[in-house]
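Here, each number is a calculation from the coordinates, and none is a lab measurement. Since this is a predicted model, take the numbers as computed values, not measurements. Note that we place each Cβ from the backbone using ideal geometry, even for glycine, and neighbour counts take in every protein chain shown.
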């Protein structure tokens with residue numbers, strides 16, 4: 001959700017670690033599997049990401065077209 005609310009902006013690894021593991025210190029190694037899983041779910045080709053882009057030495061950026069609304073509500077039961 002943090003990527004969506006900060007779309008098109010670089011989110012630092014430190015920021016993601018504070019959000020994901022607020023109660024304890026975590027290392028970047030904790031973060032990488034989640035970035036990988038997220039890319040597997042949203043990228044047409046996760047090996048060459050277009051939507052969740054790494055900015056080396058800075059963090060990650062979720063690229064979104066401006067003006068697009070995202071449905072962040074959970075799917076309803078059938």
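General remarks:
- Residue order, fewest to most beta carbons within 10 Å, for 10, 4: 4, 10
- Three-way shape call for segment 2-62 based on the alpha-carbon gyration tensor, with the a/c threshold at 1.5: prolate
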